[in-house]
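The values are calculated or read from the model by the stated rules, or taken from the named source; none is laboratory data. If you're wondering where the values come from, they're calculated on a predicted model, not measured in any experiment. Heads up, the Cβs are rebuilt from the backbone with ideal geometry, glycines too, and the neighbour counts pull from every protein chain shown.
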Amino acid sequence: MSEAPPAYPYIPNSAPRIKREMLDAIGVSDVEELYGAIPERLRVPGLLDLPAPLLSEYELRRRVEGTLAQNENCAETLSFLGGGCWQHYVPAVCDEIVNRGEFVSAYYGDTYGDHGKLQALFEYASMMGELVELDAVSLPTYDWGSAAATSICMAARITERPTAIVPASMGAERRSIVEGYCEAWVELVTIPFDQASGLLDLAGLRNALSEEVACVYFEVPGFLGTIETQADEIARLAHEVGALCAVGVDPISLGVLEAPTRYGADLVCGELQSLGVHMHYGGGLAGFVASPDEERFVSEYPTFMIGVGPTAVEGEYAFGEVVWERTSYVQRGDSKEYTGTTQNLWAIAAGAYLALLGPEGLAELGHGILERARYAARRLGEIPGVRSPALSAPFFKEFVVDFGETGRTVAEINNALRERGIFGGLDLSEQYAALGQSALFCVTEVHSQGDIDRLADELTEVLQ
Amino acid sequence: MTLRPFHQASWNEPIIFEMTSPGERGLLVPEVEESLRCAVGDALEGIPGSLLRSRSPALPELSQPQVLRHYLRLSQETLGTDVNIHLGLGTCTMKYSPKVNEELIRSPNVADLHPSQDDETVQGILEILHGFERMLCEISGMSRFTLQPGGGSQGVYVNARMMRAYHQARGEGERDEIVTTIFSHPCDGAAPATAGYKVVTVYAGDKGYPEPDAIKAAVSERTAGLMITNPEDTGLFNPHIEEIVEIVHEAGGLCHYDQANANGILGITRASDAGFDLCQFNLHKTFSSPHCSMGMPCGASGVTDELARFLPAPTVEFDGSRYFLDYDRPESVGKIRSFHGVPATVVRSFAWILSLGAEGLREVAEVAVLNNNYLAKRLSEVRGLEVSFADSNHDHRLEQIRYTLEKLQEETGVGTLDVARRTADFGVASYFPSHEPWLVPEPVTLEPSESYSRADLDEYAEIMAEISREAYEEPETVLGAPYRSTVHQMDASPHDDPERWALTWRAYLRKSGRQSGERPSDSALRPSAGRS
């Protein structure tokens, strides 16, 4: 039985009269004739077995909204989850801009039709360049993990060296992404972190350094929230053996934390999601890579890169692809790294976010986050049996809390908190077994003192 | 038909840094409570001075209305599918992305979910991820999908990684070659190359597609697999596809079907029917999710039962009463993208399929193919424009066609890049000529998906006819285009010159010798005399 409507609203030429006239114009009697090249045995017999359609927009909306309503979200539930995707306030203007139909429905348009999109992307790169004090910035990668992987592979090609050093504190997911991506190109050497401080083990680093090392990669702040206080020493040691220094950052920290180039970074990468992008169950992630504007760096980027240039009319800017030949769209099977559609819409959001905050806003925001996170760490540390912060290094917005002495697992604690309307910290007990029953708590500008006190009070009760 | 007297928005909008007005603020951040501040004391304590920002970042300073207006002007200077007949981006499947689906994903129940929330709190989104996977299995004939890849190329990449894992598990890790074809998407070579494979590229035969004999010559005991598009960029369905798959299988390789744009074959033929082991769909192409200025993509990668154990972790499972994420996958290739990919895009595509059903999905394919052949018919009247491989292959094309303007170029000196630029003067985004290399001379690749009306197709054909007339009668008009776009003809030469390219505003200022706040005049980036 046919379930087809008189015409499909999204398909103008599904209207029978128009379809007939178009077939006549082509000179075929049936659309089936157009499929003559597909052998009969490869054809789907009849219809696919798919759910019956919800033809009206109302029914569709009701059904999907109903399904989604089973979710509990962080807008309504107090959440302290972080670990690579974070809840920050997304300004209404950022949403307004990224929801504009022109940006949402644009794609691969060029210098002329998509001038505005390209300008927005150029401005994103330019504002990121100011944050990290570097002149070359990529369009987005898929996420921080892919940005770190690309930075490491770029360093290996630039230095023509086979190994790279990464910290054990980079988180299991990011580690897995980097490891898989680098497998064919770079051998990774992992340096442990000091279990008391969370800082990189410098003695281990010294032992691992050699002229085989293409780059030393570390993070500020790291996955475990810590600020690597030995950053300049690590960079110095890397440079001593001729290796490059690549630093991963959460750019929302850069109003208060130093531009990594100032303590020796050659490549800077990181995550854009904190800059005006909703978490989207992880879909809000987008990475970036930045470097000096030198040919040996720029020619190794796999990503799209937008440059500004002149037109036939004086005073006019236009935007085009810089060194298009280097991309996998030209290199095909000779590529070292592929590229494709990534996360450009979030670059537009990140640019708008940085423009809204400006230098002072970003500094105030970062300072406020530091204060809130420290307050939260201290409040939780006052609870009997809870060690917080469990690592002694300074931290930005995330910190490790050790529940070992409470005799309860993080899973049990988080279940109890959830019943009280709170999403507790990220359970680290599997990916960092050495830290025992520990969790990573994330505190940002969305958390008021009242929110933090509520967490501490509920946790106190849960642990009684 | 009279062509519309179009002029694109052209605000001559400054670079945002040129608009800065020190002291203005676009957003205030939440104040820290005084009692909290007192309790904490010095928040910077313990952070070495070398890690504290020494010089404030030179970001622009603007009030909120100025930021909004700036970006909305830029949006007006962007020809998305919502505002133009966007069929020129062949291979990209520019179609209508229903607005209701955009509203669905703006809900806090999608936008404000943290990816590490307990499964119990995300049953709704997991149900959709799980249900959508079942839909794709039915559409492709594959057994399982991962929705983790954050793009089509990454979808191809994960399949290359799974091929490697498969061969290694069988003790055949020495298979180190991937075969692809020259009219397949470039990522079908680039993604396996990134995974460490040597790539062998097979060229098309007289009929415009690779012949079985050429594939036979390319495979060996080194072959790990084939990565191929069908139809390829030409829009020609390769009728020997089953035989090609068979040849690769006999050599011990696996076969990946790049279905980034499967728009012409939904419900018509399936990857499994031709014997493929892996495939990938781009939800932002075939399945109507918007292209988001090259953002929010999802590459859904499907595999046969035999390969399912290698899928990235986690998968979404259902135990009869609840949905859960399964991380316990010992043979998994690991993480490809963080967390669960781009789930909002899955919600959009899920809703799109739900709105159409099986009949609607086939209607999409049939009308996409109908539109393509109708447009081809209309374009056959355009002087100087021809269909590639038309002399040697009389099959109907499916969802797209690579045309050639070789004749126009020979007869008028006007080439495809000139014509593409000129189309911008008529309100349509410049078309995509071709992937590299340009084997079809002066290429034009058009893909009129199901979203365009007959009137739209007629208008596009009229635009091409008018530009052809201009090329023959007043070629300088086309050569100097565009005139009515946001900007005029760009001098692209700086973009390949390390001394002059400028990837950021700070680099531009440095290289042009300009001060911030000065509008460009005779900048150092101007082409020097004699350079066109």
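Quick notes on this structure:
- Answer residue from the range B:181-224, given it is assigned to a strand (DSSP E or B) and over 12 Å from B:Ile244 (Cβ atoms) and is nearest to the other protein chains (Cβ to nearest Cβ) among those: B:Val199
- When residues of the range B:265-281 are limited to those that are out of contact with any Lys or Arg (no Cβ under 8 Å at 6 or more places or on another chain) and within 8 Å of chain A (Cβ to nearest Cβ), the one surrounded by the most Cβ atoms within 10 Å (Cβ to Cβ): B:Ile265
- Of all residue pairs spaced 6 or more apart or on separate chains, those with beta-carbon atoms under 9 Å, a first member in the range A:312-335 that is more than 13 Å from B:His488 (Cβ to Cβ) and a second member that is part of a strand (DSSP E or B) and of a type in the set (Lys, Arg) are A:Gly333/B:Lys198.
- Exclusive hit being without any contact (Cβ under 8 Å) to a residue 40 or more places away in the chain and either under 26 Å from B:Leu311 (Cβ atoms) or among the hydroxyl-bearing types (Ser, Thr, Tyr) (or both), set A:Ala172, A:Ala149, A:Ala168: A:Ala149
- Members of the range B:56-88 that are touching a residue at least 60 places away in the same chain (Cβ under 8 Å) and surrounded by fewer than 21 Cβ atoms within 10 Å (Cβ to Cβ): B:Ala58, B:Arg73, B:Gln76
- Check on A:Leu391, part of a loop (DSSP other than H, G, I, E, B) and either touching a Cys at 6+ places or on another chain (Cβ under 9 Å) or surrounded by 24 or more Cβ atoms within 10 Å (Cβ to Cβ) (or both): yes
- Residue list for the range B:472-509, filter: facing another protein chain (nearest Cβ under 7 Å) and more than 29 Å from the chain's Cα centre (by Cα): B:Arg506
- Checklist (1) surrounded by fewer than 17 Cβ atoms within 10 Å (Cβ to Cβ); (2) facing chain A (nearest Cβ under 7 Å); (3) in contact with a helix residue (DSSP H, G or I) (Cβ under 8 Å, 6 or more places away or on another chain) applied to B:Arg53, failing item: (1)
- Any pair with Cβ under 8 angstrom, 6 or more apart, that starts in the range A:201-219 at a residue that is surrounded by 15 or more Cβ atoms within 10 Å (Cβ to Cβ) and ends at one that is at pLDDT 95 or above and of a type in the set (Phe, Trp, Tyr): A:Asp201/A:Phe193
- Checked against the criterion of being among the basic types (Lys, Arg), under 22 Å from the mean Cα position of the chain (by Cα) and not assigned by TED's automatic domain parsing to the domain that holds A:Phe441, the range A:175-190 has at least one qualifying residue.
- As for the range A:257-272, it holds no residue that is more than 9 Å from chain B (Cβ to nearest Cβ), more than 21 Å from A:Ile158 (Cα to Cα) and surrounded by fewer than 24 Cβ atoms within 10 Å (Cβ to Cβ).
- Filtered by the rule that a residue be more than 19 Å from A:Ser253 (Cβ to Cβ) and among the hydrophobic types (A, V, I, L, M, F, W, C), the range A:353-390 gives A:Leu380, A:Ile383, A:Val386, A:Ala390.
- Tally, over the range A:424-448, of residues that are among the hydrophobic types (A, V, I, L, M, F, W, C) and under 25 Å from A:Leu362 (Cβ atoms): 5
- Subset of the range A:37-63 that is touching an Asp or Glu at 6+ places or on another chain (Cβ under 9 Å) and in a helix (DSSP H, G or I) - its residue that is farthest from the other protein chains (Cβ to nearest Cβ): A:Arg41
- Scanning the range A:49-72 for residues that are more than 19 Å from B:Leu361 (Cα to Cα), of a type outside the set (Val, Ile, Thr) and touching a Gly at 6+ places or on another chain (Cβ under 6 Å) returns A:Leu68, A:Gln70, A:Asn71.
- Residue ID - surrounded by the fewest Cβ atoms within 10 Å (Cβ to Cβ), chosen from residues in the range B:397-427 that are under 22 Å from the mean Cα position of the chain (by Cα) and part of a helix (DSSP H, G or I): B:Leu417
- Identity of the residue in the range B:360-382, in contact (Cβ under 8 Å) with a residue 40 or more places away in the chain and out of contact with any helix residue (DSSP H, G or I) (no Cβ under 7 Å at 6 or more places or on another chain), that ends up nearest to the other protein chains (Cβ to nearest Cβ): B:Arg362
- Selection within the range B:383-412 - under 18 Å from B:Gly205 (Cβ atoms) and without any contact (Cβ under 8 Å) to a residue 40 or more places away in the chain: B:Val387, B:Ala390, B:Asp391, B:His394
- Residues in the range B:344-357 include none that are modelled with pLDDT of 95 or more, part of a loop (DSSP other than H, G, I, E, B), more than 8 Å from chain A (Cβ to nearest Cβ) and under 25 Å from the mean Cα position of the chain (by Cα).
- Residues being closer than 18 Å to B:Ile268 by Cα, facing chain B (nearest Cβ under 8 Å) and either charged (D, E, K, R) or exposed (fewer than 13 other Cβ atoms within 10 Å of the Cβ) (or both) - total across the range A:4-36: 1
- Among (1) more than 11 Å from chain A (Cβ to nearest Cβ); (2) surrounded by fewer than 21 Cβ atoms within 10 Å (Cβ to Cβ); (3) in contact (Cβ under 8 Å) with a residue 40 or more places away in the chain; (4) not polar (S, T, N, Q) - the single one B:Val248 does not satisfy: (2)
- Residues (surrounded by fewer than 20 Cβ atoms within 10 Å (Cβ to Cβ) and in contact with a Pro (Cβ under 8 Å, 6 or more places away or on another chain)) located in the range A:418-459: A:Val446, A:Ser448
- Any hit, the range B:29-50, residues being in contact with a strand residue (DSSP E or B) (Cβ under 6 Å, 6 or more places away or on another chain), modelled with pLDDT of 95 or more, more than 23 Å from A:Gly129 (Cβ to Cβ) and more than 7 Å from chain A (Cβ to nearest Cβ): no
- Residues that are more than 7 Å from every other protein chain (Cβ to nearest Cβ) and hydroxyl-bearing (Ser, Thr, Tyr) within the range B:56-85 comprise just one, B:Ser63.
- Residue in the range B:312-330 that is part of a strand (DSSP E or B), among the small types (Gly, Ala, Ser) and within 13 Å of another protein chain (Cβ to nearest Cβ) present: no
- Hits in the range A:148-197 (condition: within 27 Å of B:Pro149 (Cβ to Cβ) and part of a loop (DSSP other than H, G, I, E, B)): A:Gly171, A:Glu183, A:Ala184, A:Trp185, A:Val186
- A:Gly248 vs. criteria part of a loop (DSSP other than H, G, I, E, B) and not aliphatic (A, V, I, L, M): no
- No other residue among A:Glu228, A:Glu233 is assigned to a loop (DSSP other than H, G, I, E, B), modelled with pLDDT of 95 or more and within 14 Å of another protein chain (Cβ to nearest Cβ) apart from A:Glu228.
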